[in-house]
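In what follows, a single structure is set out as structure tokens and then discussed.
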Amino acid sequence: MAPSLLNKIEAAQRLPTKELSALADEKFGTGDHFKRLWPLVIKYAYPKWFRPYVELEAAATRIRSFEVQSVPGLLQTADYARAILGTRRNNPDKVAEMVSARLERQNILKRQQPPELWVVLDENVLHRRAGGVDTMRRQLEHLKEVAESPNVVLQVLPYDVGVHAGNEGPFAALTLDEGPNVVYVDGFLQGQIIAETEHVSTAERVYDLLAADALSIGRSYDLIDRALKDLYA
């Protein structure tokens, strides 16, 4: 690590990596103190407007996500996330922080009682390359692995469906353990959390219609597999 980066971390101008947190515990003899603090610190890699959504996502018992351009953050590999986040022209240090934060979000799927994750992907997601061919291969392989998880339902909305209920864009509907359900909608500069009952109900109905138009779980898996094989052709 460059001394300049370490100085910025000490001055709270850059976020530490998970590996640095573990190394600090080892060098300073602090047990797991820094490792336990790391998840609290890494949340500041998220934009301020996004942090409330991360907390709601962590409290959700069911997450229903629809994506049209890219794999949802909860299912992205590190390389794929790096390629997506790098398109925003952030400096490399900032991209590394955001990738770490995105991967940290995925830990909710590794809990003893993870949320149910229902995902509908537009077929476009399987063919729009992020990064090089190897990055896309690993991402599609990861999708196949995740699709076999008992708490994950992954469907693909094929091109031949044509116009569909989700034409207005991607969103995620959260069923919360307590309190009203919410919907997160992506925006150009920042996303928006919607809690009005009528809008949440509309989003849930749109998701149901998308799932009805999408391929079955088995046929979706096969389509992902074909897209993967095309990358080896």
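What follows draws every value from the coordinates through simple rules; no lab data is involved. It should be emphasised that the depicted structure is a prediction, and the values quoted were computed from it without experimental measurement. Note that each Cβ is placed from the backbone with ideal geometry, even for glycine, and that neighbours are counted across all protein chains shown.
Which chymotrypsin sites (Phe, Trp or Tyr not before Pro) in the stretch 35-138 sit in a loop by DSSP (not H, G, I, E or B) and have at most 13 other Cβ atoms within 10 Å of their own Cβ?
Values: sites: Y44, W49, F50, Y53, F66, Y80, W118; in loops: W49, F50.
When the chymotrypsin sites (Phe, Trp or Tyr not before Pro) of the stretch 35-138 are filtered for loop state and at most 13 Cβ neighbours within 10 Å, W49 remain.
Using a 10 angstrom Cβ neighbour count of at most 13 plus a DSSP loop assignment to flag exposed GluC sites (Glu not before Pro), which longest range of the chain is free of such sites?
Longest stretch, sites excluded: 1-147.
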Within straight cross-link reach of K8, meaning Cα distance under 28 Å, which lysines are found once same-chain residues fewer than 8 apart are removed?
K18, K27, K35, K43, K48, K94
Per DSSP, loop chymotrypsin sites (Phe, Trp or Tyr not before Pro) in the stretch 128-233 with at most 15 further Cβ within 10 Å
F188
Charge dipole of the chain built from unit charges on the beta carbon (Lys, Arg +1; Asp, Glu -1), centred at mean Cα; most positive-end Cα among A173, V152, A83 is A83
What does the charge add up to near K35, with Lys and Arg as +1, Asp and Glu as -1, over the other residues with Cβ less than 12 Å from its Cβ?
-2
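What area, in nm² and to one decimal, does the C-alpha convex hull of the chain cast on average over all directions? Show your work: numbers first, answer last.
Details: hull surface 57.6 nm².
Approximately 14.4 nm², given one-decimal rounding.
Between R129 and F188, what FRET efficiency follows from the Cβ-Cβ distance if R0 is 22 Å, with the result rounded to 0.05?
Between R129 and F188 the formula returns 0.45.
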Which FRET efficiency value, to the nearest 0.05, do you get for L37 and D160 by plugging their Cβ-Cβ distance into 1/(1 + (r/R0)^6) with R0 = 45 Å?
0.35
Zone reached by a paramagnetic label modelled 7 Å from L176 Cα along Cα→Cβ, restricted to the stretch 198-232 with backbone N below 15 Å, covers 198-201
At R0 = 25 Å the Cβ-Cβ FRET efficiency linking L6 and Q112, nearest 0.05, sits at 0.10
If the only charges are +1 at each Lys and Arg Cβ and -1 at each Asp and Glu Cβ, what is the size of the charge dipole of the chain around the Cα centre, to the nearest 20 debye?
860
Loop-resident sites, the stretch 80-121, for trypsin sites (Lys or Arg not before Pro), counting at most 12 other Cβ within 10 Å (DSSP)
R88, R89, R111
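Contour minus end-to-end for E198 and R226, with contour as 0.36 nm per residue of separation and end-to-end as the Cα-Cα distance?
6.2 nm
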